[in-house]
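The values are calculated or read from the model by the stated rules, or taken from the named source; none is laboratory data. Predicted model only: the values in this text are computed from it and were never measured. Heads up, the Cβs are rebuilt from the backbone with ideal geometry, glycines too, and the neighbour counts pull from every protein chain shown.
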Ligand code: SAM
């Protein structure tokens, strides 16, 4: 469906839960747990995806919080995969609970895997995430490649003075593996992100590495700008939402585990789908249609703006 600024909205990021096993420094370090009772049921998520698909959404990303905390995740993937119009289902995960589950997710219809990892040093990783195990992430990368959840993408949020000394180690992961390592600019979506001195503009990382060669995007409208080292199997992407606003090409909306629809990550406007979920499909489509038509032109990251929810509560 075309929004009020002529953008074709095809992509839904669906947050299955606000709960997370980790406490990443830039994400939810200052948050407590969200009570589970506020989460939608699998049936409600599937109804929402069906309504979105009827409005032209063809790509779905399941995220959170930590989506693998939902025991019904395989059922949600399978039922969403069966919806006419849904062509792609991706998962964003911290991979701490992935071991042995990738084949069942793939069989249910998952097509792609994004794994978050912000340090390749096991002690630093544990510190940054509040107890995460790097070993599990490395296993998850191999298991996801093995079962064909390709391309496997690794997300690393770059924080000055914290992990900006590991950029080349991350790039080195692409030498033998057909993966995409993506460096994400820290966004003002939590206490750490509100400190601009912690942000490392992508251009700074790219300019310091003339051996990175630009490569064509994997698909039109992708948020990352991609590079490769000659002879390496994988690629390296930079997502520069703050320094290079790509809102004019934004094709996504977000729906959260409490049933709120947020048309723009960097704008606090939200609308509840709960009344329409009670009323039926027509009402649901109508409220989603109106929200898409009213999607803001762009985020407010550069305006000293503050989010009312951090990323783990919105869905990254
Ligand atoms: N638990 C899952 C995970 O760890 O991937 C999914 C949720 S997490 C909120 C999704 C993504 O949001 C992660 O890749 C994380 O790095 C990113 N993220 C969270 N806070 C961010 C911030 N302030 N700036 C940029 N990216 C952020």
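General remarks:
- Qualifying residue in the stretch 149-157 (condition: more than 13 Å from the ligand (Cβ to nearest atom), out of contact with any strand residue (DSSP E or B) (no Cβ under 9 Å at 6 or more places or on another chain) and either in contact (Cβ under 8 Å) with a residue 24 or more places away in the chain or assigned to a loop (DSSP other than H, G, I, E, B) (or both)): no
- Scanning the stretch 57-69 for residues that are assigned to a loop (DSSP other than H, G, I, E, B) and surrounded by 22 or more Cβ atoms within 10 Å (Cβ to Cβ) yields 57, 64, 65, 66.
- Hey, residue 87 under 30 Å from residue 51 (Cβ atoms) and surrounded by fewer than 17 Cβ atoms within 10 Å (Cβ to Cβ) or not: yes
- Answer from 243, 224 - the residue that is under 17 Å from the mean Cα position of the chain (by Cα) and within 13 Å of the ligand (Cβ to nearest atom): 224
- Scanning the stretch 235-257 for residues that are touching a helix residue (DSSP H, G or I) at 6+ places or on another chain (Cβ under 9 Å), crowded, with 19+ Cβ neighbours inside 10 Å and either part of a loop (DSSP other than H, G, I, E, B) or free of Cβ contacts under 8 Å to residues at least 24 places away in the same chain (or both) yields a total of 5.
- Any chance residue 80 is modelled with pLDDT under 95, surrounded by 19 or more Cβ atoms within 10 Å (Cβ to Cβ) and touching a helix residue (DSSP H, G or I) at 6+ places or on another chain (Cβ under 6 Å): no
- Of all residues in the stretch 171-221, exactly one satisfies the criterion of being away from the ligand (no atom under 16 Å from the Cβ), part of a helix (DSSP H, G or I) and touching a residue at least 60 places away in the same chain (Cβ under 8 Å), namely 171.
- Tally of residues being surrounded by fewer than 22 Cβ atoms within 10 Å (Cβ to Cβ) and farther than 16 Å from residue 116 by Cα across the stretch 156-189: 9
One line per residue, one yes/no per condition, for (1) closer than 24 Å to residue 258 by Cα; (2) within 13 Å of the ligand (Cβ to nearest atom); (3) outside any helix (DSSP H, G or I):
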position	(1), (2), (3)
50	yes, no, no
74	yes, no, no
80	yes, no, no
89	yes, no, yes
105	yes, no, no
124	no, no, no
